[in-house]
Amino acid sequence: MVHFRTDIGATNESASSDNPNYAKELETDVLIVGAGFGGIYLMHKLRQLGFNCKIFEAGTDIGGIWHWNCYPGARVDSQVPVYEYSLPEIWKDWTWSCRYPGTDELRRYFDHVERKLDIKKDTAFSTRVVGAHFDKPSGRWITKTEDGRTAKSKYLLLALGFAAKRHFPDWPGMDTFKGELHHSSFWPDSGVDVKGKRVAVIGTGSTGVQIAQETSKEAASVLQFVRTPNLCLPMQQQSITKEEQDQRKQSEYQKFFEYRLTTFAGFGYDNLQKNTLDATPEEREAFYEKRFENGGFEFWLANYQDMLLDNAANREAYNFWAKKTRARITDPEKREILAPLEPPYAFGTKRPSLEQNYYEMLDKPENKVISVQDNPIVKVVENGLVTADGKVHECDVIALATGFDSVTGGLKNMGLKDVDGVDLAEKWKAGTYTYLGMSISGLPNCFFLYGAQGPTAFSNGPTCVEVQGDWIVDAMKKLRDEKIDYCEATHEAEKQWREKVTELSDKTLFPQTKSWYMGDNIPGKFREQLSFAGGFPLYKELTRNALDRGFEGFVTA
């Protein structure tokens, strides 16, 4: 069997001893963990203010999730230009090839970002953080790496992303499989030859959908294991010309980036301020049809305002989705698994994936769809997977699209301890507590973004990163200007923020559904809403108020 990678530290490369970023004992004003969208943005903005910053990055290049994601069909689900930095120095001379770029193009984008911002000169790669605590006497964070290095910094900024900890099933026999077996986020950069091979895809999140869709082009067969179907939406991918983009840059881009901050999820569109059942059936049909035709998340995020709040309204949306999708599947058994007449959950309470020809590909006679709801996978054997009914499903390649311990997993997995020496994983065992979705009591001078109790899962990533990044940068400037050396969220403020997050979520249909939004995808994980479901305008108002009122909810000294 090809080596099955399970850990980001498994291929740690040694660094040049004369490079100061890899010093045995590094000293810096600010240590940023993670070199994706968030870490890069923080580095750039803080440098402009004169802060001395370093980044520790577990991977071997910048780009965050796009450094790791190279599985077949990997592609962004947010249309450009929403999925990019709003920094003019970046977008003015960058051109995309299509509305929804894939891994190769996103990696080229980060090469362009590097040419503009020169991030790597202050970044230590192959550097995995395994411990961090705040030393009160010195007022410094002490951060330790897997290979024994230490960094001391006044501020610790965590830009891990929401999908930093992979989830692996615990099936026996995975080490006995004679073919190739890979987790989607540890896919070999050189690729996997699936031509003429039998491919099994486990999972139906966006990753599983993309892998099944893409490998169906060359594989002898694809076997898609489905626990709950993904209620996919049409991507409506299109090429876009340089001329078209240049024209938009001159007249629209700046206004567009300002407008996305006024929308609920940070996209280029928003909900219609009208209730579903206030429209006639004919009006609804035409409205839904237009959302499908436009593609992307419009049917999800630019639908009637009550679609995610009211079950009757949601059922109308689901019925339309099912009608459109079922018409694309000729096999009756596959149709009932992938697009049942009865909704498996309220539409949009799991993040829909964007597909191009997913249903047509799985409908091909050589491909199979197996429901593991009542017939789960129980073990792996040398020639395939065994389900509870005892049947062996033979395959040559297994793709584990089994997702992540999302939103909180990364923070809980890096040895982060509070001022009393309590590990964050222990603190959050019975529920997540943050203040503003950017700070945690017991962790002074430490901020994080695109994580727990921020707009994270209900947003477009770069928008979220910039909103939270600007707040963190402004907070740090204020601390410096006002000569404040110590800033720590209070537990009382955390409790109030958690109540707000829960209250907003409880007004929606999200808690009805088992999903990673609620922590349901990880066995034993505490069930709770992990993201702020109030939208960007409210989030910006609440977080800015705390800053404008002199660090309300924080203890400063």
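Every number here is computed from the coordinates shown, using simple stated rules; none is lab data. Computed from a predicted structure; not experimentally measured. A quick note on method: Cβ atoms are made from the backbone with ideal geometry, for glycine too, and the neighbour counts reach across all protein chains shown.
Taking a ≥ b ≥ c as the square roots of the Cα gyration tensor eigenvalues, region 24-73 comes out oblate, since a/c reaches at least 1.5 and a/b does not exceed b/c. Once both axes come from the Cα atoms, what is the angle between helix 206-215 and the longest principal axis of the chain, in degrees from 0 to 90, rounded to 10? With rounding to tens, the tilt is 50 degrees. Normalised by the number of residues in the chain, the mean separation of alpha-carbon contacts (under 8 Å, six or more apart) gives a relative contact order of 19 percent. Pairs exceeding 29 Å between alpha-carbon atoms, taken from Lys45/Lys417; Lys197/Lys334; Lys429/Lys500; Lys92/Lys152; Lys54/Lys525: Lys92/Lys152; Lys54/Lys525. Shown here for region 193-292: chymotrypsin sites (Phe, Trp or Tyr not before Pro) in loop regions (DSSP other than H, G, I, E, B) with at most 15 other Cβ atoms within 10 Å, of which there are none. Using the rule -39500 (n - 2.57) for each DSSP H run of four or more residues, divided by the residues of the chain, the 222 nm mean residue ellipticity is -9000 deg cm²/dmol. A simple spin-label model places pseudo-atoms 7 Å from Cα toward Cβ; at Val372 and Glu105 they are separated by 3.2 nm. Annotation: the antiparallel percentage among DSSP beta bridges lying fully within the chain is about 40. Spin-label model, Glu89/Glu293: points 7 Å from Cα along the beta carbon direction are separated by 4.3 nm.
Around the amide H of Thr123, modelled in the peptide plane, lie the amide H atoms of Ile55, all under 5 Å away and 5 or more residues distant in sequence or on another chain. Paramagnetic label reach from Asp246 (point 7 Å along Cα→Cβ; backbone nitrogen cut-off under 20 Å): within region 74-103, residues 81, 88-99. Once you sort the root eigenvalues of the Cα gyration tensor of region 367-426 as a ≥ b ≥ c, which label holds: rounded (a/c under 1.5), prolate (a/b larger than b/c) or oblate (the other case)? Verdict is prolate for region 367-426.
For Asp474 and Lys217, the FRET efficiency from 1/(1 + (r/R0)^6), where r spans their Cβ atoms and R0 equals 45 Å, is about 0.40. Counting only residues at least eight positions apart within a chain, or on another chain, the aspartates and glutamates with an alpha carbon under 16 Å from that of Lys379 are Asp170, Asp175, Glu180, Asp389, Glu394, Asp396. Per-residue extension of 0.36 nm, minus the Cα-Cα distance of Leu49 and Asp18, leaves a gain of 8.4 nm for this segment.
Seen against the Cα atoms of the chain and their longest principal axis, helix 242-251 is set at about 50 degrees. Residues whose amide H falls under 5 Å from that of Leu26, counting only those 5 or more places apart or on a different chain, are Thr150, Ala151, Lys152, with hydrogens built in the peptide plane. For Asp135 and Lys514, the FRET efficiency from 1/(1 + (r/R0)^6), where r spans their Cβ atoms and R0 equals 60 Å, is about 0.90. The protection proxy used here, the mean number of other Cβ atoms lying within 10 Å of each residue, ranks peptides 321-331, 293-303, 228-238, 463-473 as follows, highest first: 463-473, 293-303, 228-238, 321-331.
Straightening the chain between Tyr486 and Lys323 buys 52.9 nm, computed as 0.36 nm per residue apart minus the Cα-Cα spacing. Kirkwood hydrodynamic radius computed over region 409-557 comes to 15.8 Å, based on all pairs of distinct alpha carbons.
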